[in-house]
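Data first, discussion second: the structure below is written as structure tokens.
The values are calculated or read from the model by the stated rules, or taken from the named source; none is laboratory data. Everything quoted here is computed from the prediction, not taken from an experiment. Here the Cβ positions follow ideal geometry from the backbone for every residue, glycine too, while neighbour counts run over all protein chains shown.
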Amino acid sequence: MNDAQLMFCLPEPAVDSDTDDETGQTILLKPRYGQSWFGRLLTRRLAKPWVHIHLDDLGTWIWNRLDGEHTLADLALEMREAFPDEAKPDQRLIMFVRQLVGTGLMRIRLPADE
């Protein structure tokens, strides 16, 4: 999928998240051994079952807007307004989304035909 096609996809979280009380930034909680039945079994028996992935301010802003109803193009427009000093915001958004989708932290889907 190219970048132009990706902008019309609907992103949504694939993992749980938490908020750092000190910084207000988002922490993604990825199961240490995956989502399979075996991974879930191992995760319950571990002292540290989650990998904590700390997002920066921009990543937190994006993550908090993932609702499966707004396209990446919508987010890009909002992001340009919220972060006017950000260099190449569309490219940063696309790179962030590709990373999270590639690691299973986010899902994207095409909008349903209406």
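Among the residues of the range 1-17, just one is polar (S, T, N, Q) and within 17 Å of residue 75 (Cα to Cα), namely 5.
Residues that are over 14 Å from the mean Cα position of the chain (by Cα) and modelled with pLDDT of 85 or more, at least 2 per element: which helices (runs of 4 or more DSSP H) completely within the range 25-114 meet that? Break it down stepwise before answering.
On the way: elements: 37-45, 57-63, 72-82, 89-102.
In the range 25-114, 72-82, 89-102 are the helices (runs of 4 or more DSSP H) which contain 2 or more residues that are over 14 Å from the mean Cα position of the chain (by Cα) and modelled with pLDDT of 85 or more.
Counting only residues that are loosely packed, with under 11 Cβ neighbours inside 10 Å, modelled with pLDDT of 90 or more and closer than 28 Å to residue 90 by Cα, the range 5-24 holds 1 of them. Residues in the range 65-94 that are surrounded by 12 or more Cβ atoms within 10 Å (Cβ to Cβ) and aliphatic (A, V, I, L, M): 66, 72, 73, 75, 76, 77, 79, 82, 93, 94.
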